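What follows is a set of notes on a single structure, which appears directly below.
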Amino acid sequence: MLDIDDILGAAGPFARHLAGFRPRKAQLRMASAVAQSLAAREPLIVEAGTGTGKTFAYLVPALLAGLRVLISTGTRTLQDQLFAKDVPLVASAIGTPARVALLKGRSNYLCVYRLKREVAQGALEGISRPDPLLAKLESWSAVTRTGDLAEVPGINDAHPLWPRVTSTRDNCLGQRCSDYANCHVVNARREAQAADLVIVNHHLLLADLALKEDGFGDILGTADAVILDEAHQIPDLATQFFGASVSSRQIEHVLLEGRAALLRAGGSLGDIGEVARVVEAAVSSVLAALPRQAMRLRWEEASVDLESANLAVVSALRDYGAALGDVSREPAVEAIVSRTTELAASLERITLCGDDEGARTVETTGRGFTLGLLPFDISARFQSMMSARPAAWIFTSATLSVPSSAGDDFSHFANRLGLQDARSLRIASPFDYETQAMLYLPQGTPEPSSPGYVEAVIEASVPLLEAAGGGAFLLFTSHRALAQGAALLRARWDGAAEVPILVQGEGPRERLLRDFREHGNAVLLGTASFWEGVDVKGEALRLVIIEKLPFASPDDPLTKARIEYLQRRGDNAFRDYQLPEAVLALKQGVGRLIRSETDHGLIVICDPRLLGKGYGRVFRASLPEMPATQSREDALRFLRKLR
C-alpha cells in the first residue's frame, strides 16, 4: 500500500494524473504531522501558508488512516467543493473508497411539512396565479433524494420563500412532526452517522456542540478525528455560540406563533390573551428604557431600569409558556412552549450576568432591540467538550500565529480555545514572494485618526490604480471608511475612467467577485468579508491596497468591554488582545494577492504606524519576505511592468 510520501511525491498518483500538481515539501511536512496526530489521537495546530496545499495534506492521511473523520470548513461553498471535488479526487487517486456525507444546517434543507402548509395556504386563499417557484419546489420535492435547496436554481437563502419552506430550531416539531419519516434533516444526519467521512461547516459544528439540537443526535458521534479548516474563525464563532442573544423580534415571534399554533390545535385565544398582553407590555417597558435612535452600546451605558424591566419580561414569558402548555398538548404548541422557556432562560442569563463573565451589549432600532452576551473566556468550556470526545483535533489555517521574540507564537489562538498543550507547526508559503510581489508603504500619509485620512488614502491609490489598469482590491477597516472611499474614488474619476468600480453592499458578495474576475480590470472596494475567504487567481487581481492596520475600533462596545476585563485581570490588553487580533487580520488581507505560483502583484499598506510605531515591526514580521519600498516611482514602475 502506498504511503503519504509516495502519494504526494514526484512519482505518485497526483503527479501522474492531476494537471498542475507539483510535489511540495511543505505539503508532505504537513501531511506527516496530521498523520502523527491521527495515530496518537492528539491535538495539532498547523499554520499552512497560502500554496501549501493543505486540503490534500489533511485529506490524504485522513483517508489512509481508516478512521471516522469529521471535517469542518468555514463556509457552505467550501463544503460543497470538498464533497463534490476534493474528496472524490483524493479517494480515487489513492484507491481508498470511503462513505462520505455532506451535512449542512437544517435551514438548508426543504421541510416537507412546511412546504405542504405553504401550498395548502395558497389554495386556501384562492390565489389565482400560483407562485412558479413554489410550484417548482413542489415538483422537485417529489424527486429529490437529499432535499438540499442548493439543487434548485433560482432560490437562495435571501429569497422570501426560503424561510417559509425550511425549518429552524424555533419552529421544528422534531419527532412530533407528521412528516418526520420523510424529514430531509433527519435523513442527512442518519447518513452522516453512518459515514466514514463527514463534511460540515463551523456554524453547524458549533451549534451541535453548544446547543445540542434535541432529537437530531450528536454529529460528532464516535468521530476518531475532527479536522477544522479555516480554524482562525473558531474562537470568535465559538464565543458567539456559547453566548446568548434575545431580541424583541424573537419574543414577538413566539407570541405570534403561539397564537397561530393554538388556533390550529382548536384552542381559544382567550385562554392566553391576558398573559400575552403582559408580555407585550413588559417588552414595551424595556423599549421605553432604551434610546430611541438606532445605536449599539454597552449594557452599562443603557438605562438603570434595564435590569428590572428585563426580569419582568422573563417572568411574563414564563407565565405565557405555562399558559400555552396548560391549554394544549399539541406538538406545535409544545414546540412554542419550549422555545419560550429557552428565551426566558437566555434573557435571565444576560440580565444577571456578572461583570467578569462576558460583554453585554444593547442594540436598538427605535422599534425593537437585541440584547447580547459574549463570554470573555470560552477556553474551559471548549476544552471540556474536546476532552469529552477523545479524538484527534486538528486546527489548520493560513493565519494562526503571531511573530514574537521567541519565534512563531500560537499562544493567542491556543489560549482562547484551551489548547496550550497542543503541538503546533508553522509552514511558510512556498510561493516566491521575492520575485512575485512587492510591498509599498507610501510616505507622507497622515495618522489614521486624522479627519482627512481616507481622502489621503484615495489620493495615494489613484496613481497606482491607473498604473495597474485596475485589477485591484481596496480593503477598508470599517463600513464608514468604505462608503467615504467609494464616493471619493467615483468623484475623482467622474465616470471618465474605463475601470469598473464594484463596491461591497451594492450587490451580493459572490456576484461582485464573479464580475471582478470577468472584467479583469475592475476595482473592488470592500471591508471585513473581503479580507478573507476570497480566492482570485491570475491577472484579474494584481494590486491590493489596505487602508490601515485592522485594529478593532476601541469605541466598539465589545472591544471596550474586553479591554476593561483584561485590565481588571492585570493583563496587557493591547499586547495580549488588540495587537495579535490585528496582526492575524492583516495576514488575511495580504493573503488575498498571491494565490498561485504564477501570480504577481503589489501590496500597499497606507498606515504610517507600520513604520512609525514600535509595534509596527510585529506586523512587518508577520508578512511574507518580499521587496519593500517607500518610493512611489518604484511602485508605479513595478505595476507598469506587470501590464
Take the alpha-carbon centre of segment 60-113, take the same for segment 226-299, and report the distance between them in whole Å. 34
Which value at 222 nm does the chain reach when only helices count, each DSSP H run of 4 or more adding -39,500 (n - 2.57), with the total divided by all residues and rounded to the nearest 500 deg cm²/dmol? -13500 deg cm²/dmol
A correct fewest-to-most ranking of VAL314, VAL34 by other Cβ atoms within 10 Å would be VAL314, VAL34
Give me a comma-separated list of calculated 3J(HN,Hα) values for segment 99-113, in order, Karplus coefficients 6.51, -1.76, 1.60 applied at θ = phi - 60°, integers in Hz, x for any Gly or Pro. 7, 10, 10, 9, 10, 10, x, 4, 6, 8, 10, 4, 9, 4, 4
Plugging the Kirkwood radius over Cα pairs into Stokes-Einstein for the chain, at a temperature of 20 °C and a viscosity of 1.002 mPa s, what D comes out in µm²/s? 79
Based only on other Cβ atoms within 10 Å, what is the fewest-to-most ordering of HIS202, HIS253, HIS479? HIS479, HIS253, HIS202
What aspartates and glutamates does LYS54 reach when the alpha-carbon gap must be under 13 Å and sequence neighbours fewer than 8 apart in one chain are set aside? ASP86, ASP229, GLU230
Taking placed amide H atoms and a strict 5 Å upper bound, the residues 5 or more places from ASP409 or on another chain that come that close are VAL402, SER404
Tell me, THR144, THR399, THR435 in order of fewest to most beta-carbon neighbours within 10 Å? THR435, THR144, THR399
Cut-off 18 Å, label 7 Å out along Cα→Cβ of GLN121, residues of segment 169-194 by amide N: 169-174, 178-179
By the scheme Lys and Arg +1, Asp and Glu -1, what is the net charge of all other residues having a beta-carbon under 13 Å from that of THR144? -1
Taking the dipole about the Cα centre of the chain, with the C-beta of Lys and Arg at +1 and of Asp and Glu at -1, give me whichever of ALA289, LEU82, ALA19 is farthest to the positive side. ALA19
Excluding residues fewer than 8 places away in the same chain, name every one of the aspartates and glutamates whose C-alpha is closer than 17 Å to that of LYS537. ASP432, GLU510, ASP515, GLU518, GLU597, ASP599
Suppose we keep just the DSSP beta bridges with both residues in the chain; what percent of those would be antiparallel, to 5? 30
Excluding same-chain residues fewer than 8 positions from LYS136, which lysines have a Cα within less than 30 Å of its Cα? LYS85, LYS104, LYS116
Calculate, for GLU357 and ALA487, the FRET efficiency according to 1/(1 + (r/R0)^6) with r their C-beta to C-beta distance and R0 30 Å; round to the nearest 0.05. 0.10
Lys and Arg at +1, Asp and Glu at -1: add these up for the other residues within a Cβ distance under 11 Å of ALA276 and post the number. -3
Sorted largest first, extent of segment 107-179 alpha carbons per principal axis (Å): 35, 26, 24
Once you treat every alpha carbon in segment 532-594 as an equal point and sum by Debye, what is log10 I(q)/I(0) at q = 0.13, 0.14, 0.28 Å⁻¹? -0.47, -0.52, -1.16
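No value in this document is a laboratory result; all are computed from the given coordinates. As the structure is a prediction and not an experimental result, all values here were calculated from the model. FYI the Cβ positions are ideal-geometry reconstructions off the backbone, even for glycines, and counts take in every protein chain you see.
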